[in-house]
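Student: Below is one structure. I have some questions about it.
The values are calculated or read from the model by the stated rules, or taken from the named source; none is laboratory data. Predicted model only: the values in this text are computed from it and were never measured. No Cβ is skipped: glycine too gets one built from the backbone with ideal geometry, and neighbour counts run over all protein chains shown. These accessible areas exclude ligands, DNA and RNA; they are computed on the full protein's heavy atoms, side chains included. Shrake-Rupley method; radii C 1.70, N 1.55, O 1.52, S 1.80 Å.
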Amino acid sequence: ATLAYRFRNGNQVTFEAWEINVNKLLDDVMAYLRSNPRQLDWNKLNIQDIGYRLVEQRRSEYITGRVANWTLAVSPRPEHVDARITVQTPLDKAGAYLVTATMNNGNTTRILAWLNDTIIVRKQLDGKSLYYVADAVTGKPLADMPVELFVYRQAQIGRTNNFKTVTTQFTQKTDADGLAVVDRSKIPEDYNWQWLTLVRTPPQAGKNGRLAYTGFSHVWFGQHHDAEYNATKVFAITDRPVYRPLQKVQFKLWIAHAKYDQQDASPFAEKTF
């Protein structure tokens, strides 16, 4: 992993990297929602900004320990002008890291560094959601991977102003092409759910476990209409670009739907236009 570092005036900076237990953070968020809180605390749900928890809220329980530290000599620019350099880190294991940089006799700055070995891509289909799981380095699909889906929503209790938190969770495996399809049958009611999608495997002998997640996000099962795919296309051609008076004009037109991957059977065949 490489990091961009901007500084001025200093000539030596010390870096430290602390590994973050993202799995624990995700499990704590899901456990909090399962506890049926009446009023949701956004700070406990914000998994997109982990750095805020670690730095501003000082949530040290998610930091497992220091994994690297090193010192780098730097050359400042004259007249107090910012210098920008690329820092090569010793981090090569997939995961999340809190990296601090302390300038000698100067300030300390922090950043969250991610090294991803797994990716999740979601695409909306007609009444379904398609998930693609692949290796982040090679792009090759990952077969037989567990895709965990954790969903929640706030439901009103009767006609009162009180709410309860409803959750459900299920797992689906990817096929040989790294694909998993989720349809509305997995969710009993068509409400406005919030989805957390995870792909994670335990460590094995000599290999680290995989981890990727996306969410929380809205996932819906509405009808998907591709206007471009269902469009009617008309192509016309003439036998010459320019005509003089009284010359015969010869032309031909093709009328078809833009479904070029379908069989060559046009619904406009034998019709008059």
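Student: Would a scan of the stretch 22-39 turn up a residue that is at pLDDT 90 or above, in contact with a helix residue (DSSP H, G or I) (Cβ under 7 Å, 6 or more places away or on another chain) and among the β-branched types (Val, Ile, Thr)?
Tutor: Scanning the stretch 22-39, I find at least one residue that is at pLDDT 90 or above, in contact with a helix residue (DSSP H, G or I) (Cβ under 7 Å, 6 or more places away or on another chain) and among the β-branched types (Val, Ile, Thr), so the answer is yes.
Student: Name the pairs: first residue in the stretch 34-46 and free of Cβ contacts under 8 Å to residues at least 40 places away in the same chain and more than 10 Å from LYS164 (Cα to Cα), second residue open to solvent by 70 Å² or more (accessible area, probe 1.4 Å) and not in a loop (DSSP other than H, G, I, E, B), Cβ to Cβ under 9 Å, at least 6 apart or on different chains?
Tutor: These pairs meet every condition: ASN43/TYR52; ASN46/TYR52.
Student: When the residues of the stretch 119-157 are filtered to those that are in a strand (DSSP E or B) and of a type in the set (S, T, N, Q), which remaining residue is surrounded by the most Cβ atoms within 10 Å (Cβ to Cβ)? If you could, list the steps in order and put the result at the bottom.
Tutor: Applying the first criterion (in a strand (DSSP E or B)) to the stretch 119-157 yields 119-125, 128-135, 141, 146-156.
Filter once more, so that each one left must be of a type in the set (S, T, N, Q): 124, 129, 154, 156.
Numbers: GLN124: 13, SER129: 20, GLN154: 15, GLN156: 10.
Within the stretch 119-157, the match that is surrounded by the most Cβ atoms within 10 Å (Cβ to Cβ) is SER129.
Student: Only one of THR201, THR171, THR197, THR167 is surrounded by 11 or more Cβ atoms within 10 Å (Cβ to Cβ) and out of contact with any strand residue (DSSP E or B) (no Cβ under 6 Å at 6 or more places or on another chain). Can you tell me which?
Tutor: Values: THR171 fails: out of contact with any strand residue (DSSP E or B) (no Cβ under 6 Å at 6 or more places or on another chain); THR197 fails: out of contact with any strand residue (DSSP E or B) (no Cβ under 6 Å at 6 or more places or on another chain); THR167 fails: out of contact with any strand residue (DSSP E or B) (no Cβ under 6 Å at 6 or more places or on another chain).
Selected residue: THR201, the only one of THR201, THR171, THR197, THR167 that is surrounded by 11 or more Cβ atoms within 10 Å (Cβ to Cβ) and out of contact with any strand residue (DSSP E or B) (no Cβ under 6 Å at 6 or more places or on another chain).
Student: Within the stretch 236-251, how many residues turn out to be exposed (fewer than 10 other Cβ atoms within 10 Å of the Cβ) and outside any loop (DSSP other than H, G, I, E, B)?
Tutor: Counting residues in the stretch 236-251 that are exposed (fewer than 10 other Cβ atoms within 10 Å of the Cβ) and outside any loop (DSSP other than H, G, I, E, B) gives 3.
Student: Whether any residue in the stretch 181-204 is modelled with pLDDT of 80 or more, of a type in the set (Lys, Arg) and part of a loop (DSSP other than H, G, I, E, B) is what I want to check. First the steps, then the outcome.
Tutor: Here is the first cut: in the stretch 181-204, the ones modelled with pLDDT of 80 or more are 181-183, 193-202.
Still in the list and also of a type in the set (Lys, Arg): 200.
Subsequent filtering for residues that are part of a loop (DSSP other than H, G, I, E, B) retains none.
The answer is no; no qualifying residue exists.
Student: Residues that are modelled with pLDDT of 85 or more, within 25 Å of LYS123 (Cα to Cα) and open to solvent by 90 Å² or more (accessible area, probe 1.4 Å): does the stretch 252-267 have at least one?
Tutor: No.
Student: Is there any pair with a first residue in the stretch 239-250 that is of a type in the set (S, T, N, Q) and a second that is surrounded by 10 or more Cβ atoms within 10 Å (Cβ to Cβ) whose Cβ atoms are under 8 Å apart and which are 6 or more apart or on different chains, and what are they?
Tutor: From residues that are of a type in the set (S, T, N, Q), the pairs are GLN250/THR238; GLN250/ASP239.
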